[in-house]
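Asks: Quick one: structure below, then a few questions.
No value in this document is a laboratory result; all are computed from the given coordinates. Not measured: the values here are computed from a predicted model. Don't worry about glycine lacking a Cβ; one is built from the backbone with ideal geometry, like all the others, and counts go over all protein chains shown.
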Amino acid sequence: MKIKKSEIKIFLALIVIVLGYFFANNTELTDSFKPVSYVQNTEMKEKDYVQKYCKGKIEYVLSDKTRVDCLTEEYAIEYDWAHKWAESIGQSLYYAHMTGLKPAVAIILKRPEDEKYIKRIQLADERITIFKIKAYE
């Protein structure tokens with residue numbers, strides 16, 4: 001049995017379409033095996049975590065019109081997903097400078113592997129206080 005070039009092209013095109021779907025949706029191939037609570041919790045948006053966990057002023061507006069996610073008596077806290085760790089560092093340091101408070105980030109972990117981002121923040125600047133929020137069980 002001889003395979004035609006057109007059949008190979010169709011097969012390769014299907015593989016590209018399937019892989020493209022997963023990468024375009026930022027979905028890992030293993031997501032279907034995550035526990036139900038993982039799927040439910042990740043449906044929450046960043047602002048939902050701010051509402052749930054902030055014990056201060058939410059969306060505090062600074063003089064330059066930037067907004068601190070959560071401002072407490074001690075901290076200027078930036079809430080962000082773990083994979084956005086680098087962005088959270090800059091924002092927390094800027095907000096701390098503008099308010100005279102301590103810099104802090106509330107990092108939302110979607111899965112246990114996200115702990116690696118905590119280590120990156122710690123290495124980048126040890127002045128930043130890190131609050132972990134687990135979005136999985």
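Asks: Please give the FRET efficiency for E59 paired with T129, using the beta carbon to beta carbon distance and R0 = 22 Å, rounded to the nearest 0.05. Please report the intermediate quantities before stating the final value.
Replies: Numbers: r = 20 Å, r/R0 = 0.90.
Between E59 and T129 the formula returns 0.65.
Asks: Suppose R0 equals 25 Å; then what is the FRET efficiency for E115 and K47 from their Cβ-Cβ distance, rounded to the nearest 0.05?
Replies: Working: r = 23 Å, r/R0 = 0.94.
Calculated transfer efficiency: 0.60.
Asks: With 23 Å as the limit, write out which pairs from K57/K110; K57/K132; K65/K134; K52/K110; K55/K132; K65/K132 have Cα-Cα distances beyond it, or answer none. Walk me through the numbers before you get to the answer.
Replies: Values: K57/K110 25 Å; K57/K132 19 Å; K65/K134 30 Å; K52/K110 16 Å; K55/K132 15 Å; K65/K132 27 Å.
As for pairs spanning more than 23 Å Cα to Cα, those are K57/K110; K65/K134; K65/K132.
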